[in-house]
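Shown next, in structure tokens, is the structure this report addresses.
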Amino acid sequence: MRGDPVVVLPEAEYRRVWARFYEDFSFRPSTNPIKWPAIEEPVASVTWSLAALDDDPSYERLDYLVAVIEQGLSSCAGPSGTLFALDWQHTSYRFVPQDVGGPGQPAWPLSPYPDGDYFVFLAEDFRFGSFGHPWEGSLCLFGEELLDGAAAEVDKVLGPPIRRSGKAVGPA
């Protein structure tokens, strides 16, 4: 895929990737808190509340968070790997993370921060990625390699996680 670093998923592939995401993650989109989390979070996953960013008028913490996650995803994808960037019910993409986001390069096709819709980044084999939930105001990272590379820095920005491997953590 070394031609264009970002390509829109053709309709057939869009349907196939989303169908697999629905199946593999038991995705149940909803604005109703009773139905959250919206995915079955994998065993190797950590989910944080995004509430710590509510008081970030200059977006410094948000920018740092996005940079940390993009770096983690890029590192996990490797020098020639590709990722899916999925925007629920909107255009979605396949892209080469090494070829975006730098000087003279196109921007990342989406942000890991869920700005009004579900944003999902996935390895093509679905072994690692991120899931941003706009209504719960949460961000889930999954896959051991991604967690090893990014979780400690995400903790510094967002504070302690609200779930690990889909199980609530912290005071009851």
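The values are calculated or read from the model by the stated rules, or taken from the named source; none is laboratory data. Worth saying up front: this structure is predicted, and the values here are computed from it rather than measured. Methodologically, a virtual Cβ is constructed for each residue, glycine included, from the backbone with ideal geometry; neighbour enumeration extends over all protein chains shown. Accessible surface is based on the protein model in full, side chains and every heavy atom, while ligands, DNA and RNA are left aside. Shrake-Rupley method; radii C 1.70, N 1.55, O 1.52, S 1.80 Å.
Tabulated data for the structure shown
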quantity	calculated
Whichever residue in the range 73-112 is assigned to a strand (DSSP E or B) and not basic (Lys, Arg) and, among such residues, is most open to solvent (accessible area, probe 1.4 Å)	93
From 69, 39, residue being touching a His at 6+ places or on another chain (Cβ under 9 Å), of a type in the set (A, V, I, L, M) and at pLDDT 95 or above	39
Options 115, 155: the member that is closer than 16 Å to residue 66 by Cα, over 9 Å from the mean Cα position of the chain (by Cα), open to solvent by 30 Å² or more (accessible area, probe 1.4 Å) and at pLDDT below 95	115
Any chance residue 168 is open to solvent by 70 Å² or more (accessible area, probe 1.4 Å), under 15 Å from residue 92 (Cα atoms) and not aromatic (Phe, Trp, Tyr)	no
Residues of the range 118-147 classified as open to solvent by 10 Å² or more (accessible area, probe 1.4 Å), outside any strand (DSSP E or B) and touching a Gly at 6+ places or on another chain (Cβ under 6 Å), total	2
The range 25-53 residues that are within 17 Å of residue 126 (Cα to Cα), paired with ones that are in a helix (DSSP H, G or I) and aliphatic (A, V, I, L, M) (beta carbon under 9 Å, 6 or more apart)	44/146; 44/147; 45/147; 46/147; 46/151; 46/154
Any hit, the range 54-72, residues being open to solvent by less than 10 Å² (accessible area, probe 1.4 Å) and not in a helix (DSSP H, G or I)	no
